[in-house]
2 protein chains.
Amino acid sequence: MNFTCEKSILQESISTAQKAVTGKSTMPVLNGILIKAYGDELILTGSDIDLSIETKIKANILEEGKIVIDAKIFGEIIRKLPNDLIHINTIDGNSIEILCQKSRFTLIHMNAEDFPDLPNINENMIFSIPQRILKNMIKGTIFATAQDDTRPILTGVLFETKNRNLNLVALDGYRLALKSEILDTDNTINAVIPGKTLNEVSKILEENDDNVNITFTPNHILFSLGATKIISRLLEGDFIKYRSIIPSEYNLKVTANRLDLLNCIERASLMAKDGNTNLVKLNIEDESMIITSNSQLGMVREESSIILQGEPLQIAFNSKYLIDVLKIIDEVEIVMEFSSGVSPCVIKNKENDNCTYLVLPVRLLNH
Amino acid sequence: MNFTCEKSILQESISTAQKAVTGKSTMPVLNGILIKAYGDELILTGSDIDLSIETKIKANILEEGKIVIDAKIFGEIIRKLPNDLIHINTIDGNSIEILCQKSRFTLIHMNAEDFPDLPNINENMIFSIPQRILKNMIKGTIFATAQDDTRPILTGVLFETKNRNLNLVALDGYRLALKSEILDTDNTINAVIPGKTLNEVSKILEENDDNVNITFTPNHILFSLGATKIISRLLEGDFIKYRSIIPSEYNLKVTANRLDLLNCIERASLMAKDGNTNLVKLNIEDESMIITSNSQLGMVREESSIILQGEPLQIAFNSKYLIDVLKIIDEVEIVMEFSSGVSPCVIKNKENDNCTYLVLPVRLLNH
């Protein structure tokens, strides 16, 4: 193998492929990046089996070939080299030489034959969506995935098509996040993608309107975006029937300024941190929501102006769950729907009907 | 106690006083900030005994008094409050109320009587130096203090006046850092200030030409800068006689481009990390310095153009010590002086004679 490539281009492609390298694999070859040099391009691949990332760049290939290089040290070396042409070639059977200006590195490489094959996915594009929108949908749901493995299916995000909508859903037993976007497809999808891999996907997606093409197989999902392909395994098992959890009716409806309410709850939660309860109480009155909390350190009372339709209500929450939702929503005004002091609260945008958040209240002893 | 104060001013003064609060004290009162309201000003004090910081701000005092408030929660609350007038007053004998717009906090306070008195220092200003210059001198030496307590005196930085110069010196047994500035004083100073407290002092010093006044007592140093006073205890014992360590003669002298050499050594050190030796070898030749390193992962050869006066030399270093020095020097060109492959290397600015760095070499088995 023998090729030259601009430092900046090589650095970016390593950074992409490296997102699939966890450095925790028991297979040494998975701590490396597979580099294949054929025709006029390099293909870099990183994988931890659950997640594989493959990215292509143009390069001047002087001799074709493939090798595996330790991802960490290779990434560090390329990043530290000057912004100039880098020349890489194999020497001595088990090493590569990296040349750039007056720098010369010799690095032991691993065998490309030991690198596991990527799942073979027939790229029948199932649907296509702008990167910016998918990135936003992931961000708007992934925080609600379960962080422990008690019920593995809850550590993932459901991708589901329904009535020409793509829905992403996450829930962890205490709260639920649902983001929807109109999608021009007749295909039926119902797959759960691990939150861990989706987090890396989200880092690669850009804030632009270029499309990402998505293909499902029974066990995998493939994201194709330009020169990069991301393959994640799916979680096994059925997702919770989440629609039955979301209340369709309510007794009272609150319209609030999102940022003002967020600030009030964040301040109130400073007191709630002591003892790790995070408990804040909401007194919903005619024109204001009174937020209180207390601990050994003292007490706090906050007040946010609201519009109330329905009867006043007292209800308590883990402040973290409310804060997570209020931070992720991007409209100026939000709507909160309540049925009773022990029923879930539904939080939505006031204008745009593209998200639904649900938070379970904390049952107080005196209720 | 009862006063009002603008949020931004109060927040900044808490942030300053808080730098002396470690949160690790066995005296609960030292987790707090002492607030004294007298006349038309508030005095906020934080202390961990070794380091005390006192800062004054103007406030509208409605009723005089003094209390101690937990620094962490008080700082968090004030930071999260809206940018507006904050009203603080004592209630119920053991609490304070914090009011701002529609927010109301009640916080338990501690007794001001339990807060230790600051050392009584007669403010005979001993010398005065622009904040920017002192900040720079601290930054240029503190990295070379010892990080373990084997010889406690080495965890501090020596402040010494000599021949109308202020010298700051730190050394840890492997390297030495000396920064000098001309100072218009006849006073003789020779005191060692703990690196830990000096680090906090450095954060408070600003990048401007306002003077900081410095007073020494047998056990303490006082930095006065505008509304803020910082008092640190001194380390006991005599500092190493460092002048005898710095060689006054040399056999060869290298003039090098600082940034180019830094980049070469940083890249070479990527290979030196494996096995934690950090070992890089320097081959000093007529017009270039060849830097090499190797480990199980492979080898690296770097080359930096230099001007050499004297005979070629081979010498090896812990790359970290060279990198620390090359990062801290701010001139384009540096001078390195060597005597032999087993003698210390002295590194200086090429132009400005205001710093001297010394690094011990690593003795190689084949020398």
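Read-outs: derived from the displayed coordinates by stated rules, not from any lab. Note that the structure is predicted; figures quoted are calculated from it, not measured. Cβ sites come from the backbone with ideal geometry, for glycine too, and all protein chains shown count toward neighbours.
Assorted remarks:
- Helix B:319-328 axis, angle to chain B major axis (alpha carbon atoms, nearest 10°): 60
- 11 Å cut-off, amide nitrogen to a point 7 angstrom out along residue B:364 Cα→Cβ, residues in the range B:275-306: B:280-284, B:291-294
- Within the range A:1-30, trypsin sites (Lys or Arg not before Pro) in DSSP loop having at most 15 other beta-carbon neighbours inside 10 Å: A:24
- Residue of B:294, B:263, B:94 that the Gaussian network model of chain B assigns the largest fluctuation, springs spanning Cα pairs under 10 Å: B:94
- The residues B:74, B:216, B:223, when put in order of fewest to most other Cβ atoms within 10 Å, stand as B:216, B:223, B:74.
- By the count of other C-beta atoms within 10 Å, a proxy for reagent exposure, B:123, B:76 are ordered fewest to most as B:123, B:76.
- Between A:56, A:241, A:253, the residue with the greatest mean-square fluctuation in the GNM of chain A (Cα pairs under 10 Å linked by springs) is A:241.
- Put simply, chain A fits an ellipsoid with semi-axes of 48, 22, 18 Å; these come from the alpha carbon gyration tensor as the roots of five times its eigenvalues, largest first.
- Its alpha carbons considered, the range A:2-114 gives a radius of gyration followed by a Dmax of 12.8, 40 Å.
- Set of aspartates and glutamates near residue B:179 by C-alpha distance (under 15 Å), chain-local residues within fewer than 8 positions excluded: B:160, B:324, B:330, B:331, B:351, B:353
- Across all C-alpha atoms in the protein assembly as shown, the radius of gyration and Dmax reach 32.0, 92 Å.
- Between the range A:227-252 and the range B:349-365, the Cα center-to-center distance that results, in Å: 62
- Taking the square roots of five times each eigenvalue of the Cα gyration tensor of the range A:234-308, the equivalent ellipsoid has semi-axes of 29, 21, 11 Å, listed largest first.
- Other-copy label distances relative to residue B:249, 7 angstrom Cα-Cβ extension, nm: 10.1
- Legend: translational diffusion of the range B:304-350 by Stokes-Einstein, Rh = Kirkwood radius over C-alpha pairs, 10 °C, 1.306 mPa s; D = 134 µm²/s.
- Kirkwood estimate for the range B:328-367, i.e. one over the average of 1/r between Cα atoms, Å: 11.2
- When the C-alpha to C-alpha distance is required to be over 29 Å, the pairs from B:253/B:327; A:66/B:327; A:24/B:320; B:80/B:203; A:102/B:348; A:203/B:24 that qualify are A:66/B:327; A:203/B:24.
- Measuring between their Cα centroids, the range B:46-72 and the range A:180-199 lie 55 Å from each other.
- Relative exposure of A:357, A:250, judged by other C-beta atoms within 10 Å (fewest first): A:250, A:357
- With one equal scatterer per alpha carbon and no solvent term, the Debye-computed log10 I(q)/I(0) for the range B:204-243 at 0.18, 0.24, 0.32 1/Å reads -0.63, -0.83, -1.08.
- Seen through its C-alpha gyration tensor, with square-root eigenvalues sorted a ≥ b ≥ c, the range A:168-213 comes out oblate because a/c lies at 1.5 or above while a/b is not bigger than b/c.
- When only alpha carbons of the range A:242-367 are considered, Rg and Dmax amount to 13.7, 41 Å.
- The spread of Cα positions in the range B:273-337, taken along each principal axis and listed from longest to shortest, comes to 35, 26, 15 Å.
- Mean projection area, nm², convex hull over Cα of the range A:187-301: 11.9
- Distance histogram in 5 Å bins (all Cα pairs of the range A:1-46, percent per bin): 5, 21, 27, 23, 14, 8, 2
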